[in-house]
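S.K.: Got a structure here, written out as structure tokens. Questions coming.
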Amino acid sequence: PFFSPFVAPSPPNPFVSLGELPPLCVSAPTPPPVSMLSRDPPPLFPRRTVQSCQQELIGGAEMYIATCRRCFNDPVPPSPRRMTKVRDAIREVEVATLQDLSLIHI
């Protein structure tokens with residue numbers, strides 16, 4: 001049999017009204033950001049979690065945490081045990097977020 005490209009079904013119309021599109025997400029209330037050490041808002045200051053003498057240190061969640069002004073100005077650094085606890089909490093949130101994102105199919 002002979003197949004012509006002109007008899008194939010046409011693709012769906014890409015120009016649809018907004019009311020016909022399915023919602024991709026639902027808004028949910030989110031708690032305000034807080035300091036990762038004292039749980040006081042707002043966490044406007046990054047504090048290093050690693051011992052380094054470099055003036056400029058590029059890194060992510062493994063090297064910095066968000067703190068309030070009081071925690072940032074505290075001359076006594078948090079204990080290594082406490083920093084490990086904070087780092088583990090960050091990883092739990094990252095894993096949970098990635099699992100939630102893997103459930104969304106676009």
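The values are calculated or read from the model by the stated rules, or taken from the named source; none is laboratory data. What you are looking at is a predicted structure, and each value in this text was computed from that prediction instead of being measured. Backbone-built Cβ (ideal geometry, glycine too); neighbour counts: all protein chains shown. For accessibility, only protein heavy atoms count, side chains too; no ligands or nucleic acids. Shrake-Rupley method; radii C 1.70, N 1.55, O 1.52, S 1.80 Å.
S.K.: For Leu24, are the conditions met, namely being open to solvent by less than 80 Å² (accessible area, probe 1.4 Å) and either at pLDDT below 80 or over 18 Å from the mean Cα position of the chain (by Cα) (or both)? Walk me through it before giving the result.
M.R.: Values: open to solvent by less than 80 Å² (accessible area, probe 1.4 Å): no; either at pLDDT below 80 or over 18 Å from the mean Cα position of the chain (by Cα) (or both): yes.
Answer is no for this residue.
S.K.: Continuing with the same structure: Hey, could you check the range 49-98 for residues that are surrounded by 15 or more Cβ atoms within 10 Å (Cβ to Cβ) and polar (S, T, N, Q) and say which is farthest from Ser38 (Cα to Cα)?
M.R.: Among those that are surrounded by 15 or more Cβ atoms within 10 Å (Cβ to Cβ) and polar (S, T, N, Q), it is Thr49.
S.K.: Return the pair list, or none, for Cβ contacts closer than 8 Å from residues in the range 39-55 that are closer than 12 Å to Arg70 by Cβ to residues that are part of a loop (DSSP other than H, G, I, E, B) and open to solvent by 70 Å² or more (accessible area, probe 1.4 Å), at least 6 apart or on different chains.
M.R.: As it stands, the answer is Pro41/Pro32; Pro41/Pro33; Pro42/Pro32; Pro42/Pro33; Pro43/Pro33, since those pairs meet every condition given.
S.K.: Considering only the range 43-66, how many residues are out of contact with any helix residue (DSSP H, G or I) (no Cβ under 9 Å at 6 or more places or on another chain) and hydroxyl-bearing (Ser, Thr, Tyr)?
M.R.: Of the residues in the range 43-66, 2 are out of contact with any helix residue (DSSP H, G or I) (no Cβ under 9 Å at 6 or more places or on another chain) and hydroxyl-bearing (Ser, Thr, Tyr).
S.K.: So which residues in the range 36-67 are in contact with a Phe, Trp or Tyr (Cβ under 7 Å, 6 or more places away or on another chain) and part of a loop (DSSP other than H, G, I, E, B)? It would help to see each step written out before you state the result.
M.R.: Quick first cut of the range 36-67, residues in contact with a Phe, Trp or Tyr (Cβ under 7 Å, 6 or more places away or on another chain) only: 45-49, 67.
Matches in the range 36-67: Thr49 only.
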